[in-house]
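> First the structure, then my questions, so here it is.
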Amino acid sequence: MEKKYTIKSVLTLMLFASALTCLVITLIIVCFYDIKKAPSNSVSEYATLLDMIGELYIGEYDEYTVNSTAMKAAVESLGDNWSYYMTPDEYANFLDVSNNRYAGIGVGIVSDEQTGGMIVHYIYRGSPAETAGIAVGDVILAIDGEDIKGYTIDDIRVRLSRPIGETADIMIMHPDGSIAVIVVAYDYVFIDPVSFEMLDDRIGYIAVMNFDHGAAESFISAVDELIGQGARAFVFDVRNNGGGRVVEMTGMLDYLLPEGEIFITVDRSGEESITRSDADSIDMPCVVLVDCYSFSAAEYFAATLREYEYALVVGEQTTGKSRMQTTYNMPGGGALHISTSQYLTKNRVKLHDIGGLTPDYQIILTDEEFSLFLSGALEMDDDPQLQQALSLLSS
């Protein structure tokens with residue numbers, strides 16, 4: 001016998017099936033995630049708070065600012081100096097910095113009293129300015145037809161600030177007095193974090209500004225170049241180095257050290273993850289320079305070289321950081337930079353627990369010396385930490 005269904009009964013069955021499906025899905029979710037991981041009432045409470053601000057607050061406010069401030073405060077409440085929330089603009093800047101790049105033309109300038117313009121005193125390698133033909137010693141006289149006489153360096157920076165892909169017409173005077181207008185296209189400029197030179201007694205000096213993108217490649221090239229020039233020992237300067245990427249640091253350690261453990265992390269469950277170096281190494285006397293601003297990868301780099309009895313450490317007590325961070329994209333375009341694991345040295349030391357790395361030879365710069373060092377104006381002969389390193393290697 002054929003059954004007949006009314007529209008009302010069909011709708012009732014459909015609603016019942018839908019409700020049953022929702023119930024099953026909910027039960028699956030509850031079973032899959034334990035109660036601790038389930039969303040709390042704080043989400044709905046925050047939504048209610050925003051609604052109340054919108055309905056009751058008598059003044060003007062920006063909802064974006066309220067939300068970003070709340071997210072920053074949430075991460076700050078963890079009490080971890082190394083974890084933070086970034087707004088979309090801050091995240092974009094973070095990516096540029098961690099990639100050792102910025103948007104521009106790639107020149108460093110100082111005032112030129114004789115012409116009133118700006119003299120180019122350095123150019124970043126491979127920058128748009130170098131590609132266009134601007135050279136060290138050229139004097140910038142005008143930008144887009146506007147005379148810059150009387151401008152400050154900050155005025156010039158503002159005048160030259162523009163998006164990638166745009167161009168600027170820069171009038172320059174060459175050292176021979178000839179004038180030219182050069183069109184420079186804006187692009188990303190790579191900032192080489194490594195500088196080096198050969199010092200007396202065939203001691204190679206390598207300064208590492210950070211351990212961000214490209215640092216390992218530049219460092220290895222510097223070591224090879226100095227060895228090619230006849231270096232017999234090295235000074236590695238990681239003072240005022242804020243750290244950076246683990247892969248860059250381990251790339252340097254792997255190149256220098258023999259086979260063994262060079263980086264150990266421990267996740268929240270207590271499981272270790274170990275990075276090892278290969279058997280190839282550079283067997284030469286070394287000294288590492290550190291100070292109180294040698295953070296994270298910088299102090300770990302020095303600590304590992306010392307534990308391998310590869311280098312002595314000279315300078316000041318480092319900061320003592322033992323947490324590794326991971327960056328996660330957020331739906332609104334920002335990012336969460338949060339501590340996700342601990343790291344240990346080869347000898348299973350947490351630098352945080354011992355208050356940082358204590359140098360073999362502690363030498364404190366005076367306030368004046370430190371100020372000159374930060375500005376790049378401290379001469380090598382007047383740098384007591386560097387001189388101590390050179391003395392150790394010479395003897």
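> Is it the case that Val181 is closer than 22 Å to Gly126 by Cα and either among the aliphatic types (A, V, I, L, M) or outside any helix (DSSP H, G or I) (or both)?
Details: closer than 22 Å to Gly126 by Cα: yes; either among the aliphatic types (A, V, I, L, M) or outside any helix (DSSP H, G or I) (or both): yes.
Yes, satisfied.
> Would you confirm, using the coordinates I've provided, whether Asp176 is surrounded by 14 or more Cβ atoms within 10 Å (Cβ to Cβ), out of contact with any Asp or Glu (no Cβ under 8 Å at 6 or more places or on another chain) and part of a loop (DSSP other than H, G, I, E, B)? Break it down stepwise before answering.
Working: surrounded by 14 or more Cβ atoms within 10 Å (Cβ to Cβ): no; out of contact with any Asp or Glu (no Cβ under 8 Å at 6 or more places or on another chain): yes; part of a loop (DSSP other than H, G, I, E, B): yes.
Judged against the criteria, Asp176 is not a match.
> Still on this structure, I have one more. Just a yes or no: is a residue in region 87-105 part of a loop (DSSP other than H, G, I, E, B), exposed (fewer than 13 other Cβ atoms within 10 Å of the Cβ) and aliphatic (A, V, I, L, M)? Don't jump to the end; show me each part of the working.
Quick first cut of region 87-105, residues part of a loop (DSSP other than H, G, I, E, B) only: 87, 99-100, 105.
This time we only want the ones that are exposed (fewer than 13 other Cβ atoms within 10 Å of the Cβ), so: none.
No.
> Every residue in region 175-218 that is among the β-branched types (Val, Ile, Thr), over 29 Å from Ile143 (Cβ atoms) and in contact with a Leu (Cβ under 8 Å, 6 or more places away or on another chain), please.
Looking only at region 175-218, we keep the residues that are among the β-branched types (Val, Ile, Thr), and these are 179, 181-184, 189, 191, 194, 203, 206, 208.
Next cut, over 29 Å from Ile143 (Cβ atoms) only: 194, 203, 206, 208.
Hits for region 175-218 are Ile203, Ile206.
> Would you call Ile206 out of contact with any helix residue (DSSP H, G or I) (no Cβ under 8 Å at 6 or more places or on another chain) and buried (at least 18 other Cβ atoms within 10 Å of the Cβ)? Before you say what the answer is, go through the steps one by one.
Working: out of contact with any helix residue (DSSP H, G or I) (no Cβ under 8 Å at 6 or more places or on another chain): no; buried (at least 18 other Cβ atoms within 10 Å of the Cβ): yes.
So Ile206 does not fit the description; no.
> I've got another one for you. Kindly indicate whether Ala279 is crowded, with 17+ Cβ neighbours inside 10 Å, in a loop (DSSP other than H, G, I, E, B) and hydrophobic (A, V, I, L, M, F, W, C). Lay out the reasoning, then the answer.
Working: crowded, with 17+ Cβ neighbours inside 10 Å: no; in a loop (DSSP other than H, G, I, E, B): yes; hydrophobic (A, V, I, L, M, F, W, C): yes.
No; evaluated as a whole, the condition is false for this residue.
> Residues in region 302-312: is at least one in a helix (DSSP H, G or I), crowded, with 18+ Cβ neighbours inside 10 Å, among the hydroxyl-bearing types (Ser, Thr, Tyr) and in the same structural domain as Ser269 (by TED's automatic domain parsing)?
yes
> Sticking with this structure for a sec: Only residues that are free of Cβ contacts under 8 Å to residues at least 40 places away in the same chain, assigned to a strand (DSSP E or B) and either of a type outside the set (Val, Ile, Thr) or outside the structural domain of Ser296 (by TED's automatic domain parsing) (or both): list them for region 206-246, please.
Residues of region 206-246 that are free of Cβ contacts under 8 Å to residues at least 40 places away in the same chain, as a first pass: 206-207, 209, 216-222, 224-226, 228-230.
Those still in the list that are assigned to a strand (DSSP E or B) too: 206-207.
Correct list: Ala207 only.
> Got at least one residue in region 171-190 being within 30 Å of Val290 (Cα to Cα) and of a type outside the set (Lys, Arg)? Before you say what the answer is, go through the steps one by one.
Going through region 171-190, the residues within 30 Å of Val290 (Cα to Cα) turn out to be 189-190.
Now drop any that are not of a type outside the set (Lys, Arg), which leaves 189-190.
Scanning region 171-190, I find at least one residue that is within 30 Å of Val290 (Cα to Cα) and of a type outside the set (Lys, Arg), so the answer is yes.
The values are calculated or read from the model by the stated rules, or taken from the named source; none is laboratory data. Remember, predicted model here, so these are calculated numbers, not experimental data. Cβ atoms come from the backbone with ideal geometry, glycine included; neighbour counts cover every protein chain shown.
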